[in-house]
Amino acid sequence: MAEVVALVGCKGPDQEAEYLQVLSAAMPGERLVPFRLMVEAERAAARVAIVANPDPAEIAALPGLVWVQSLWAGVEKLVGAFDRPLPIVRLVDREMARAMAEAVLAWSHYLQRDMPAYARQQRERVWRPHPYRKPADTVVGLLGLGELGTAAAGRLVGAGFLVTGWGRTPKTVPGIATFHGADGLGAMLGGCDILVCLVPLTPETRGLVNAARLAALKPGAALINFARGPIVVTDDLIAALDSGHLSHAVLDVFDTEPLPAGSPLWTHLGVTVLPHISGPTDMDSAATTVAANLREYRSTGQPPQGVDAGRGY
């Protein structure tokens, strides 16, 4: 009988059934069992867990685990959450990167073409054209040059935008000017018409976009946050919008999700609220990626490269 692979952290029976169906089809040689249905012997024998948003107590009840495969690209909730060191393999999926790059391009055009202003004018019954600004006259700065940032850079450059990017360490990305480190971040921000947040959430990036960094942007610049809510200091963002220094913010991620009904972000005229949809997980594509990682593990006996616990990604 095939060794059991634990499925941990599904949100309800519908998601569990979907994940089981798609993952099982991608890896017919594996026996995938939801944690809640595993008998004691199966929990003791499982060496691999595929996880969505797992309860650490359930991971602790799988004492033989060798590694954990996340179904999400963001793993900040998993790093340090378990009772013992375990390699955590984040989902690196081309379809997710493509969808995220598509969203970055779409909402960059939304801002470049003054769509927030026209939406306000419609509510006020105002008929007033605004001067056209070309993509070639619009600098989009990417905060984060990992898999997602690199994919977004390619789409933006192809659409004619001027693109810059910042990373923690030096990196070369075709077609864009890149910056790194604390000094590089300040230099990049000063040239941005649109700042796009795509960095992972780590202790170093929590609160990274604060009052000082928002003030470093060009007057009238806009912000897109497709990373994680706590990277942007919400009160500082609202203050920058209220002062007029920032023209608009497109937010897909928040400190608390779903966004509470009482949040001022819902009604702020300078904010577009999205329900965390910029980079959805495509389960068919994700299952293919996870299946390849499992095949590699079965072949070599070595887990795929996991998250660097020190960096948090």
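Here are the numbers:
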read-out	value
Answer from 226, 179 - the residue that is modelled with pLDDT of 95 or more, of a type in the set (Phe, Trp, Tyr) and under 20 Å from residue 109 (Cα atoms)	226
Number of positions in segment 167-192 that are part of a helix (DSSP H, G or I) and open to solvent by less than 50 Å² (accessible area, probe 1.4 Å)	6
Residue among 247, 263, 243 that alone is surrounded by fewer than 18 Cβ atoms within 10 Å (Cβ to Cβ) and more than 24 Å from residue 200 (Cα to Cα)	243
Segment 266-289, subset closer than 21 Å to residue 240 by Cβ, among the hydrophobic types (A, V, I, L, M, F, W, C) and surrounded by fewer than 18 Cβ atoms within 10 Å (Cβ to Cβ), residue farthest from the chain's Cα centre (by Cα)	269
Failed criterion for residue 257 (all others in (1) outside any loop (DSSP other than H, G, I, E, B); (2) without any contact (Cβ under 8 Å) to a residue 40 or more places away in the chain; (3) under 30 Å from residue 82 (Cβ atoms) hold)	(1)
Among (1) modelled with pLDDT under 95; (2) of a type in the set (Asp, Glu); (3) surrounded by fewer than 17 Cβ atoms within 10 Å (Cβ to Cβ), the one test that residue 147 misses	(3)
Test: residue 130 is at negative phi and touching a residue at least 24 places away in the same chain (Cβ under 8 Å)	no
Restricting segment 1-22 to residues that are closer than 15 Å to residue 68 by Cα and among the hydrophobic types (A, V, I, L, M, F, W, C), the residue that is surrounded by the most Cβ atoms within 10 Å (Cβ to Cβ)	6
Test result for residue 164, touching a strand residue (DSSP E or B) at 6+ places or on another chain (Cβ under 6 Å), open to solvent by 10 Å² or more (accessible area, probe 1.4 Å) and assigned to a loop (DSSP other than H, G, I, E, B)	no
Matching residues in segment 43-57 - criterion: being surrounded by fewer than 18 Cβ atoms within 10 Å (Cβ to Cβ) and of a type outside the set (A, V, I, L, M)	47, 53, 55, 56
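The values are calculated or read from the model by the stated rules, or taken from the named source; none is laboratory data. Quick caveat, the model's predicted, so the values are computed rather than measured. Note that each Cβ is placed from the backbone with ideal geometry, even for glycine, and that neighbours are counted across all protein chains shown. Note: areas computed on protein heavy atoms with side chains; ligands, DNA, RNA excluded. Shrake-Rupley method; radii C 1.70, N 1.55, O 1.52, S 1.80 Å.
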